[in-house]
Amino acid sequence: MYKRKFLSAVFAASLSLAGANGQPVRNIFTIHANQVKAEVKPTMWGVFFEDINMGADGGIYAELVKNRSFEFYKPLMGWTVVPRQVPEGTVVVQNRRESNAANPRYLHISLVNAARGSVGITNEGFRGMGIKKGMKYDFSVMYRVPGTDVKLHAELVNPKGEKIGSATLNLPGNTGTWKKQRISFEATTTEQKAKLSIWFEGNGGVDLDMVSLFPQDTWKNRPGGMRADMVQLLADMKPGFIRFPGGCIVEGHDLATRYQWKKTVGPVEDRQLIVNRWNTEFAHKPAPDYFQSFGLGFFEYFQIAEDIGAEPLPILNCGMACQFNTAEVVPMDELQPYVQDALDLVEFANGDVKTKWGKIRADMGHPAPFNLKMMGIGNENWGPQYVERLKIFTKAIKDKYPFMQLVNSSGTDPNGDRFDYLNGELRKMNADIIDEHYYRRPEWFLQNASRYDNYPRTGSKIFAGEYAAQSDRTVSVNNKNNWQTALSEAAFMTGLERNADVVAMASYAPLFAHAEGWQWTPDLIWVDNLRSYGTPDYQVQKLFSLYKGTDVIAMLQNNEVVAGKDGLYGSAVIDKKTKEIIVKIVNSSDKPQEASFAFEGVSKLAPKATVTTIASRDLEQLNSFDNPLAVSPSDKQAEVKNKKIGLVISPYSFSVVRVKML
């Protein structure tokens, strides 16, 4: 029913395109290469990371042990004591909150002539542990042994209980302080659902904390780092920025569970775990085991951004918790610590190594500054309580760091009273960048491709900070990343590109989702414990980002922008670096359409153009783990004659046409 409605609403005009002989009507597009309309910022297309759908722990952060420091609300969640019949009191959770508030809990295991296999614990991982044959794994543990020596056996086992990799550590006795040991071992087979079993031999007892297991094939082979395949999918997009750490987790369910960046830097064992606000947000997908260990913290976010050539865009809490949950606000006379967090973040990112926070960055291995240029204050906050807090943040940050560009929230929706109020107030404040969000059905994206054509050309710029076409409805478990959603986003993005003097940045959201641990769909990239793939939406985002160009030029049909007539949407840019003209064209209709692209304002073009097309006649087509490239780009060459290119634009297609200027 929904597909029929979509076709009737959007494609009705295309049904009358055939001429008397049944041939498609010819469309003539004129590209004025000498009519530069706007600069395309290097930050135009980026990515938005939020720890939702097991995006961090269990996702891009490659740690395989869940609840490694026993800090979940249920301290042994994810762990099983084996065998089950061990005497009570053999395994006890200890709490040292007075001496170590950041990591108070640890495990004490009593041993009485323990032989191998008599006392142990098993960790289930994040929906299992993905293990690769021949891969080496780094096991580490923090420990204390008050009595005689203890032997620790670490074993990877498959669902049948068969050992697929193991190592042994000798833990010296009479250690009154915490020590750390590491050992590596190789897996003998590939397994999606492995577990980690730890057994002990010895007398007396042992204290354990920070039990950890990482594959060695992390991004850039960094110990304790990120999943390389997931970072590579981001790097392949060449995004202009990374927005982090969210999203609603910036706000928290309440202020006590808001994201505090200072607790996410320094040694991992000193980072204070908190519950993830998506833990129990949705009744349809409860995730009581969803916490934030902050192994992926602000240092790692900055590092990833630097690795892939993207500008960092951190978002900070503005003294307001999520207004959908508790709507807590910090009193105005107690706001200063929140403001100081913002000021200190600039010092952490950019400060000299002799400063307090610059030294912490340097001690973590990065003495050079990260060159932070922008940050967001608040996420999807609204109302006068947001505006009054934002004014204080803005003055404090601009007074000390006048170069800093600030991103401000326009609320949750792209229209309505809430949006109108914020848009008006922010423009009165001469806000640098206004963050607009759109989670709507595909029709909305098609109908709003001209949204920014009549926005003010001066003043505040726009950040299309979160958008994704919803195949069913927002927050529906039935939403799919099908070709219909991606195609409608492509059409909308031509309008963003055409108005690059208004829209400075844009990013799809959410970014990652674990196939067995998601709370929200659709999502750009899907993963399981071993694999990852980009959706059709990812393929669209990637093409826009790879071929962003440097300057918008005029592309007209009958002296009008190409924004929906006959189901066609288009934009054009030049790339001064590659000396190319780049045309993006979307055919959202179910008919092939003949087109002629005529290039004016350029003396000579190369004899061949490259046409990269994503198309599927099935609007419901998905990508999958088994068929990750079902919807993906393909290239062909097109002849250029008399500065014109003739093409038949496939139904339901998005194409990028690139031709060199000679």
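Does any residue of segment 286-295 turn out to be assigned to a loop (DSSP other than H, G, I, E, B), touching a residue at least 40 places away in the same chain (Cβ under 8 Å) and within 21 Å of Lys180 (Cα to Cα)?
Quick first cut of segment 286-295, residues assigned to a loop (DSSP other than H, G, I, E, B) only: 286-290, 293-295.
Going one step further and asking which of them are touching a residue at least 40 places away in the same chain (Cβ under 8 Å), we end up with 287-290, 293, 295.
Now narrow it down to the ones that are within 21 Å of Lys180 (Cα to Cα): 293, 295.
Checked against the condition, which is being assigned to a loop (DSSP other than H, G, I, E, B), touching a residue at least 40 places away in the same chain (Cβ under 8 Å) and within 21 Å of Lys180 (Cα to Cα), segment 286-295 yields at least one hit.
Return the only residue of Ala500, Ala506, Ala515 being touching a residue at least 12 places away in the same chain (Cβ under 8 Å), surrounded by fewer than 22 Cβ atoms within 10 Å (Cβ to Cβ) and aliphatic (A, V, I, L, M). Let's see the steps before the verdict.
On the way: Ala500 fails: surrounded by fewer than 22 Cβ atoms within 10 Å (Cβ to Cβ); Ala506 fails: surrounded by fewer than 22 Cβ atoms within 10 Å (Cβ to Cβ).
The unique qualifying residue is Ala515.
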Subject >> Subset of segment 389-423 that is touching an Asp or Glu at 6+ places or on another chain (Cβ under 6 Å) and among the β-branched types (Val, Ile, Thr) - its residue that is surrounded by the fewest Cβ atoms within 10 Å (Cβ to Cβ) >> reply: Thr412
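Identify, from the list Arg277, Arg243, the residue that is basic (Lys, Arg), surrounded by 19 or more Cβ atoms within 10 Å (Cβ to Cβ) and either free of Cβ contacts under 8 Å to residues at least 60 places away in the same chain or assigned to a helix (DSSP H, G or I) (or both).
Values: Arg243 fails: either free of Cβ contacts under 8 Å to residues at least 60 places away in the same chain or assigned to a helix (DSSP H, G or I) (or both).
Result of the check over Arg277, Arg243: Arg277.
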Original post:
Can you spot a residue in segment 215-222 that is of a type in the set (Lys, Arg) and assigned to a loop (DSSP other than H, G, I, E, B)?
Top reply: yes
Subject >> Extreme residue, surrounded by the fewest Cβ atoms within 10 Å (Cβ to Cβ), among residues of segment 317-341 that are out of contact with any strand residue (DSSP E or B) (no Cβ under 8 Å at 6 or more places or on another chain) and part of a loop (DSSP other than H, G, I, E, B) >> reply: Pro331
Subject >> Filter result (assigned to a strand (DSSP E or B) and either in contact with a Cys (Cβ under 8 Å, 6 or more places away or on another chain) or touching a residue at least 40 places away in the same chain (Cβ under 8 Å) (or both)) within segment 439-481 >> reply: Lys461, Ile462, Phe463, Ala464, Gly465, Glu466, Tyr467, Ala468, Ala469
Subject >> Candidates Leu335, Leu345 - the one that is in contact with a Phe, Trp or Tyr (Cβ under 7 Å, 6 or more places away or on another chain) and either farther than 16 Å from Lys262 by Cβ or not charged (D, E, K, R) (or both) >> reply: Leu345
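Condition check ((1) assigned to a loop (DSSP other than H, G, I, E, B); (2) of a type in the set (Lys, Arg); (3) over 19 Å from Gly59 (Cα atoms)) across all residues:
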{"site": "Thr122", "(1), (2), (3)": "no, no, yes"}
{"site": "Gly134", "(1), (2), (3)": "yes, no, yes"}
{"site": "Phe139", "(1), (2), (3)": "no, no, no"}
{"site": "Glu155", "(1), (2), (3)": "no, no, yes"}
{"site": "Gly161", "(1), (2), (3)": "yes, no, yes"}
{"site": "Asn174", "(1), (2), (3)": "yes, no, yes"}
{"site": "Thr177", "(1), (2), (3)": "yes, no, yes"}
{"site": "Gly202", "(1), (2), (3)": "no, no, yes"}
{"site": "Leu234", "(1), (2), (3)": "no, no, no"}
Original post:
Mind checking which residues of segment 589-612 are more than 18 Å from Met555 (Cα to Cα) and buried (at least 20 other Cβ atoms within 10 Å of the Cβ)?
Top reply: Ser589
**OP:** Provide a single number: the residues in segment 616-655 that are surrounded by fewer than 20 Cβ atoms within 10 Å (Cβ to Cβ), assigned to a strand (DSSP E or B) and touching a residue at least 40 places away in the same chain (Cβ under 8 Å).
**Re:** 3
Subject >> The listed residue being crowded, with 16+ Cβ neighbours inside 10 Å, under 30 Å from Asn53 (Cβ atoms), touching a residue at least 40 places away in the same chain (Cβ under 8 Å) and not β-branched (Val, Ile, Thr), out of Leu543, Leu568, Leu556 >> reply: Leu543
**OP:** With the checklist (1) touching a helix residue (DSSP H, G or I) at 6+ places or on another chain (Cβ under 9 Å); (2) at negative phi; (3) surrounded by 17 or more Cβ atoms within 10 Å (Cβ to Cβ) in hand, flag the one item Leu169 doesn't pass.
**Re:** (1)
Original post:
For segment 471-490, what are the residues that are within 18 Å of the chain's Cα centre (by Cα) and crowded, with 22+ Cβ neighbours inside 10 Å?
Top reply: Asn481, Ala486, Glu489
**OP:** Please verify whether segment 304-316 includes one or more residues that are in a helix (DSSP H, G or I), of a type in the set (A, V, I, L, M) and either crowded, with 23+ Cβ neighbours inside 10 Å or out of contact with any His (no Cβ under 6 Å at 6 or more places or on another chain) (or both).
**Re:** yes
Subject >> Residue pairs meeting the criteria (Cβ under 9 Å; at least 6 apart or on separate chains; first under 11 Å from Val540 (Cα atoms) and not assigned by TED's automatic domain parsing to the domain that holds Leu629, in segment 482-497; second in a helix (DSSP H, G or I) and modelled with pLDDT under 95) >> reply: Ser488/Phe6; Ser488/Val10
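For Ala283, indicate whether it is over 19 Å from the mean Cα position of the chain (by Cα), free of Cβ contacts under 8 Å to residues at least 60 places away in the same chain, part of a loop (DSSP other than H, G, I, E, B) and more than 23 Å from Ala368 (Cβ to Cβ). Write out each step before concluding.
Details: over 19 Å from the mean Cα position of the chain (by Cα): yes; free of Cβ contacts under 8 Å to residues at least 60 places away in the same chain: yes; part of a loop (DSSP other than H, G, I, E, B): yes; more than 23 Å from Ala368 (Cβ to Cβ): yes.
Judged against the criteria, Ala283 is a match.
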**OP:** Considering only residues that are over 35 Å from the mean Cα position of the chain (by Cα) and of a type in the set (Ser, Thr, Tyr), look in segment 157-181 and name the one that is modelled with the highest pLDDT.
**Re:** Thr168
**OP:** Please find, among Thr412, Thr458, Thr355, Thr394, the residue that is closer than 30 Å to Asp333 by Cβ, among the hydroxyl-bearing types (Ser, Thr, Tyr) and out of contact with any helix residue (DSSP H, G or I) (no Cβ under 8 Å at 6 or more places or on another chain).
**Re:** Thr394
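The values are calculated or read from the model by the stated rules, or taken from the named source; none is laboratory data. Remember, predicted model here, so these are calculated numbers, not experimental data. Cβ sites come from the backbone with ideal geometry, for glycine too, and all protein chains shown count toward neighbours.
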